[in-house]
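Structure first, then comments.
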Amino acid sequence: MKKAPVNRIIPFSNVDGPGNRTSIFFQGCTFHCLFCHNPETMTCCRSCGICLSYCPVKALRKKDGKIVWDSEACVQCDTCLKVCPHFSSPRVTWMTVEDVLNQIRRAMPYIDGITTSGGDCTLYPSFLAELFTAVKQQGKTCLIDANGAYDFASDPALMDVCDGVMLDVKAVEPSWHRELVSFDVEPVLRNLDYLLSVGKLQEVRTVILPNRDRENSETVQFVSQRIGGRCPYKIIRYRPFGVRPEYRRIMGEEETDPVYAESFVLLAREKGASEAFMV
Amino acid sequence: MSEALRIIQDPTLTYRQELVGLARLGESTDDSLRYSDAYYAAKEKGALCDLNEGKMPFRPRYICPDYDLLFEKGCDFLQLDPPKDLLEAVNVLEIFYCHVPSITTYPVYLGDLDRLLEPFVIRENRAYAKKVLSLFLRNIDRVQTDSFVHADIGPEDSVTGRLLLELTEEMQLAIPNLTLRYDPEKTSDDFALACVRCMLKTAKPSFANHRMFVEEWGSRYAIASCYNGLSIGGGGYTLPRMRLYECALDAKDPEDFIANVLPTYIDLQLEYMDKRVRFIVEESSFFKTNFLVTEGFVKRENFIGMFGVVGLAECCNHLLGIDDVKKGFGLNPEATALGRKIMDAIEKRVSAHVAPYCDAFDHHYRLHAQVGIDTDGMDDSPGTRIPIGAEPCMLDQLEVNEQFHPYFPTGTGDIFKFEETYVKTPEAVLPIIKASLGRGLRYFSGYLENNDVVRVTGYLVKKSEIEKLRQKKQSLNQVTLYGMGAQDGGHALDRRVQHHEESAGK
């Protein structure tokens, strides 16, 4: 049985694509973003056990060398996430496609579809293809929320059952992209073009950082010229909430000023992205 | 100090509120309508509650006049001809409303406003029609100063419906309460979305399960007061309620409760209702001389008695010895299943009772999930709702509601409080409402956490008006006081907020 690590499932979400959607967050990420506000989703637990002694309600223990999480006892204080040196979480469940389907079954009548996210859910492409096939049989749509590392063009089986991809373009200048996310920008931009060409670019998102005029402008201009009015362009403000302290020192303690961010919405529209908006 | 002196010296009461208070006091001086000693004992210990309906019922509690008849024939008593244009139509309604009695002294049902006014609205240009409707709504808000005043729209889209939504949003008024009668085949997604958008900005309209109500009442039903299902051209005689938690205090265990305690209290409440209904029909003058009756705007046979319950959650939790509400009714399958057993028992016994003067409903009363009153505190949650502070995620809460809403033809509902981002995503709310109505939900209300107009248990108040009362100033809306009490005693505005959660990982 194919299994994938699931961080959590939110039955109803209004911010992960159009309509009401169930969001499924997978664990593990190819990127390592400085401004990540869910850094505990970056890697899979390596059972080092450091978190065990910190849990105030003893909801974590070690069994057969693996960390076991007691969801009943857990009080969601997030201490384990804060102390994890590996950007991981012990509160992850390895699930089969059937497990996931069972979990989302009750939400099905109320939702327009599902969105898989992460971490980076495209670490598990064949799992997604199987999940999407089953969900689509029930008349619901399936969206991927992706960082753009995965080569979608190489996976027609997945693209057949995927209704759209919400793609992050965090930066376009190669060295800045690498510095920001520890990964090359080239596959992201290749995906941008590919998804546009097959009509499966659901939306593009860019986080506007404080005091990064040149980088912000370059990214917004590039994306806007590429996508034009063909899909929404979501301009997101950087918020320090959830960001690791050591990265907050680099990225800043202040959230991006809304007026400043709004200026990039205007820039985006000027450069052709007619559906640019800020959240 | 005498109660009369207290009323006339209360700085927060308006003249009209004093008058109503004094009238209630006067009504309470006559004890000739008597009940059994057992009834009084049950009332004394708080197991039964008459919702301060008054000792001398001189009118039915809720009246839903047939406004179609008014527009067709006019009204002799009020010397009103059938309206010929929009101005006349709203003027006729404004006058008529002032003469419709109720427990609150204000009309609890204003009519299916879109359907009634549409023929007049479409003959005018839009701007003019909107101006007239805005003055009409202002008149209602300033003259019918009570949040239990309720208007209905839908299920079909209409110019008038759209104008009423636009004005509701622009004017931000707590009065009237508003309901969309939603039918998936008759209500377009576009109109329903406009209603969701309006609801997120003004806490109204609520969504009523049109199909469910039509099945029970026929097409001529009204949603009145909080969320009460009643017949148009009729209404509700009386609405007492069993306070199920207090009832449960008498029981040894769940079996004893269902077998012995429950039937005793049900029968006492039925005794109260029978006597009261008979009195209203046989003794008071309403059904003999009031113009609403003599001219046919209401018919006695279209009235019904409403059998109310509150506090099912606390009742179940008590019977099962559950102290932590977060592990109780609505979150604990055993407690929820007990709730169904109790409701089945209540439904069975009430529907076996032959009720006087309920001709159009096979001579039976119908159940009502009473929404609570300000003095309930945290002892009894409204109807069958999950207690404030224990609400699970929205999906779980809806599923529990879907199990219990079918029991209550004369009304029930739940309230969902949404966080800011939902204003921009009404299309994320509509599928939830549609699915849940399709699965047995009767009535859905929502509001945004930061609005001034908010829904307290079942009615609308302005937070800014509650603030006025706290500063010992008067509030024109006589329901603001209940809102303050419900918030102070029952934390009614602290319903769980439906948050989107931050997307992870990016």
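The values are calculated or read from the model by the stated rules, or taken from the named source; none is laboratory data. If you're wondering where the values come from, they're calculated on a predicted model, not measured in any experiment. Quick reminder, even Gly has a Cβ in these numbers, built from the backbone with ideal geometry, and neighbours come from all protein chains shown. What goes into the accessible areas is simple: the full protein's heavy atoms, side chains included, and nothing from ligands, DNA or RNA. Shrake-Rupley method; radii C 1.70, N 1.55, O 1.52, S 1.80 Å.
For this structure, a couple of remarks:
- Averaged over peptide A:9-21, the number of partner chain Cβ atoms lying within 10 Å of each residue's Cβ comes to 6.
- A cut-off of 5 Å between modelled amide H atoms, ignoring neighbours fewer than 5 places along the same chain, links A:Trp94 with A:Val6.
- Entry note, chain B: the mean residue ellipticity at 222 nm calculated from DSSP H runs of n ≥ 4, each adding -39500 (n - 2.57), is -12000 deg cm²/dmol after division by the residues and rounding to the nearest 500.
- The residues of chain B have, on average, 37 Å² of accessible surface per residue, using a 1.4 Å probe with all protein chains present.
- Radius of gyration over Kirkwood radius for segment B:320-378, both on Cα atoms: the Rg/Rh ratio is 1.12.
- Restricting attention to chain B, close to 40% of DSSP beta bridges with both partner residues there are antiparallel.
- Prolate/oblate/rounded call for the protein assembly as shown, Cα gyration tensor, a/c under 1.5 rounded: prolate
- For the protein assembly as shown, with +1 on Lys and Arg beta carbons and -1 on Asp and Glu, the positive-most of B:Phe279, B:Thr104, A:Phe277 along the dipole: A:Phe277
- Stokes-Einstein D in µm²/s, Kirkwood radius over Cα pairs - segment B:290-389 at 20 °C with 1.002 mPa s viscosity: 139 µm²/s
- Estimated from the Cβ-Cβ distance and a Förster radius of 45 angstrom, the FRET efficiency linking B:Lys131 and B:Asp396 is about 0.45.
- Amide proton proximity set for A:Gln202, modelled H, under 5 Å, gap of 5+: A:Val165, A:Met166, A:Leu167
- Annotation: amide H of B:Leu178 within the under-5 Å range of B:Ala151, B:Ser206, sequence separation 5 or more or interchain, hydrogens built in the peptide plane.
- Segment B:186-274: trypsin sites (Lys or Arg not before Pro) falling in loop per DSSP and having at most 13 other Cβ within 10 Å: B:Lys252
- Rounded to the nearest 20 debye, the dipole magnitude of the protein assembly as shown is 1040 debye, with +1 charges on Lys and Arg beta carbons, -1 on Asp and Glu beta carbons, and the Cα centre as origin.
- DSSP-assigned coil residues among GluC sites (Glu not before Pro) in segment A:69-154, each with at most 16 further Cβ atoms within 10 Å: A:Glu72
- Its Cα centre serving as origin, segment A:39-111 has a Cβ charge dipole (Lys and Arg +1, Asp and Glu -1) of approximately 160 debye.
- By accessible area with a 1.4 Å probe, ligands and nucleic acids excluded, highest first: order of B:Asp250, B:Asp50, A:Asp160: A:Asp160, B:Asp250, B:Asp50
- Residues along segment B:394-433 losing 50 Å² or more of accessible surface when the other protein chains are present rather than the chain by itself (probe 1.4 Å): B:Leu395
- The modelled label-to-label distance for the pair B:Asp494/A:Asp160, using points 7 Å beyond Cα in the direction of Cβ, is 5.5 nm.
- Rg and Dmax over the alpha-carbon atoms of segment B:181-284 stand at 19.4, 53 Å.
- Ranking B:Ser464, A:Met1, B:Ala41 by Cα position along the charge dipole of the protein assembly as shown, where only Lys, Arg, Asp and Glu carry charges on their C-beta atoms, puts A:Met1 farthest toward the positive end.
- Here the simple spin-label model places points 7 Å from the Cα toward Cβ, and for A:Ile236 and B:Asp85 these points are separated by 5.7 nm.
- Rotationally averaged projected area of segment A:61-148 (alpha carbon convex hull; nm²): 7.6 nm²
- Semi-axes of the equivalent ellipsoid of segment A:90-213 are 28, 16, 14 Å, computed as sqrt(5λ) over the eigenvalues of the C-alpha gyration tensor in descending order.
- Per-residue surface analysis assigns A:Ser53 an accessible area of about 90 Å², computed on protein heavy atoms at 1.4 Å probe radius.
- Given B:Lys299/B:Lys463; A:Lys82/A:Lys200; B:Lys252/B:Lys341; B:Lys417/B:Lys462, the pairs whose alpha carbons are separated by over 27 Å: B:Lys299/B:Lys463; A:Lys82/A:Lys200
- Dipole magnitude for chain B: computed about the Cα centre from +1 point charges on Lys and Arg Cβ and -1 point charges on Asp and Glu Cβ, it is near 720 debye.
- Bins of 5 Å, starting at 0 and running to the largest distance - Cα pair percent for chain A: 1, 6, 12, 15, 18, 17, 14, 10, 5, 2, 0, 0
- Calculated from backbone phi, Karplus (6.51, -1.76, 1.60) coupling profile of segment B:400-416 in Hz, x at Gly/Pro: 5, 4, 4, 6, 9, 4, x, 5, 10, x, 8, x, 6, x, 9, 10, 10
- The Rg/Rh ratio for chain B, using Cα coordinates for both the radius of gyration and the Kirkwood hydrodynamic radius, is 0.95.
- For segment A:140-155, Karplus couplings with θ = phi - 60° (6.51, -1.76, 1.60), whole Hz, Gly/Pro x: 10, 8, 10, 10, 10, 9, 10, 8, x, 6, 7, 7, 4, 4, 7, 10
- Looking at the protein assembly as shown, the DSSP beta bridges with both ends there are about 35 percent antiparallel.
- Positive-end residue of B:Tyr482, A:Gly49, B:Val143, charge dipole of the protein assembly as shown with Cβ unit charges: A:Gly49
- Of the chymotrypsin sites (Phe, Trp or Tyr not before Pro) found in segment B:8-103, those in coil by DSSP whose Cβ has at most 15 other Cβ atoms within 10 Å are B:Phe58, B:Phe77.
- Beyond 28 Å in Cα-Cα separation lie the following of the pairs B:Lys204/B:Lys424; B:Lys73/B:Lys275; B:Lys55/B:Lys468: B:Lys73/B:Lys275; B:Lys55/B:Lys468.
- Coupling constants for segment A:218-226 follow from the phi torsions by the Karplus curve (6.51 cos²θ - 1.76 cosθ + 1.60, θ = phi - 60°), and in residue order they are 4, 5, 5, 4, 4, 4, 4, 5, 5 Hz; glycine and proline get x.
- Protein accessible surface hidden between A and B, which excludes ligands and nucleic acids, total in Å², probe 1.4 Å: 2400 Å²
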